[in-house]
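Encoded as structure tokens, the structure appears first; notes follow it.
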Amino acid sequence: MNSFKSNEDNQAILQLEDLYAQVLPLIGEDPEREGLVKTPHRVAKALKFLTQGYKQDPRQILTSAMFKEDYKQMVIVKDIDFFSMCEHHMLPFFGKAHIGYIPNGYITGLSKLPRVVDVFARRLQVQERLTTQIKECIQQTLNPLGVIVVIEAQHMCMQMRGVEKQNSTTTTSDFTGAFKEAKTREEFLQLIHRK
């Protein structure tokens, strides 16, 4: 992604900055206080960064390093760190994604799978949708014999507010093709939890 911002991005940052400047007094803060003078601008830039996935094409990422290969065993990239924002409260959730696929004539560069995770994570999300979007993107783009995605995450909306359960973890999974067989799924799960 280019380091310079488009006019559209700059305009969005200015509009967000104005909105955050209006938020500060509504929560009881003084927007003119020294520590807060630049906060609306910083938060606007941060939000644009945290939601940049809307402007990225995950399928293009996979096809940019897609190669013919006659390999039909499981390929796993595990422990992919990700950070996202819950669409209900716009608070962070974060954790690890684990991806497995069984090629069907094509493979992709290993670094492309974490990048696909980032594209979908850098949008307002729910963990369930994030899991399915990653799976569907890989299935539709590479057409493998099967794909499995498991995500383990902590949600700040549960830890900071609401039920306030600090040690809770949410696990979601979705799979296609060969991973519908319990034996294949079990092999994947054993491999991702092996230390």
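The values are calculated or read from the model by the stated rules, or taken from the named source; none is laboratory data. All figures in this text were calculated on a predicted structure; none of them were measured in a lab. Here Cβ is always computed from backbone atoms with ideal geometry, including for glycine, and neighbour counts include all displayed protein chains. Note: accessible area is taken over every heavy atom of the protein model, side chains too, but ligands, DNA and RNA are not part of it. Shrake-Rupley method; radii C 1.70, N 1.55, O 1.52, S 1.80 Å.
Taking the range 159-195 as the range and being open to solvent by 30 Å² or more (accessible area, probe 1.4 Å) and in contact with a strand residue (DSSP E or B) (Cβ under 8 Å, 6 or more places away or on another chain) as the test, the residues that pass are S168, T169, T170, T171, S173, D174, F175, G177, K180, R185, L189, L191. Scanning the range 77-120 for residues that are polar (S, T, N, Q) and closer than 21 Å to G146 by Cα yields N104, T108, S111. Within the range 84-94, the set of residues being of a type outside the set (S, T, N, Q), under 10 Å from the mean Cα position of the chain (by Cα) and open to solvent by less than 20 Å² (accessible area, probe 1.4 Å) comprises F93 only. Does the range 52-71 include one or more residues that are free of Cβ contacts under 8 Å to residues at least 40 places away in the same chain and touching a Phe, Trp or Tyr at 6+ places or on another chain (Cβ under 9 Å)? Yes, that holds for at least one residue. Within the range 34-83, restricting attention to residues that are among the acidic types (D, E) and not in a strand (DSSP E or B), which residue is surrounded by the fewest Cβ atoms within 10 Å (Cβ to Cβ)? Ranking the candidates gives E34 first.
Within the range 124-167, being over 20 Å from H98 (Cβ atoms) and touching a helix residue (DSSP H, G or I) at 6+ places or on another chain (Cβ under 6 Å) holds for K165, Q166.
Residue check: is M156 at pLDDT below 95, under 19 Å from M85 (Cα atoms) and under 19 Å from the mean Cα position of the chain (by Cα)? Here the answer is yes, as M156 does meet what is asked. In summary, M1 fulfils each of the numbered conditions (1) at pLDDT 95 or above; (2) of a type in the set (A, V, I, L, M); (3) loosely packed, with under 14 Cβ neighbours inside 10 Å with the single exception of condition (1).
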